[in-house]
1. From the set of residues in the range 32-51 that are exposed (fewer than 10 other Cβ atoms within 10 Å of the Cβ) and in a helix (DSSP H, G or I), which is modelled with the lowest pLDDT?
2. Taking I28 as the residue in question, decide whether it is β-branched (V, I, T) and either surrounded by fewer than 10 Cβ atoms within 10 Å (Cβ to Cβ) or in contact with a Leu (Cβ under 8 Å, 6 or more places away or on another chain) (or both).
3. Pairs under 8 Å by beta carbon, first residue hydrophobic (A, V, I, L, M, F, W, C) in the range 40-54, partner surrounded by 10 or more Cβ atoms within 10 Å (Cβ to Cβ), six or more apart or different chains?
Amino acid sequence: MAILPDGALERLAAVVDISKTVFHYAFIPTVLYMGFRKGSDPGMPELSITNLFW
């Protein structure tokens, strides 16, 4: 196993913790954005923000 410099393990743990938080809060909005950007399939109702709450 590689020998890490002093404090590298703490920095790595902080980066992983921040990455998990960003993923946690950004995943659903990203999926919604990509779905609205693509649009609905032919023959299906149009997508709108109000459809999310219905």
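1. Only one residue fits best here, namely I49.
2. Yes: the conditions hold for I28.
3. Matching pairs, first to second residue: L47/G35; L47/F36; L47/G39; L47/S40; L52/L32.
The values are calculated or read from the model by the stated rules, or taken from the named source; none is laboratory data. What you see is a predicted model, and the numbers here were worked out from it, not measured in a lab. Here Cβ is always computed from backbone atoms with ideal geometry, including for glycine, and neighbour counts include all displayed protein chains.
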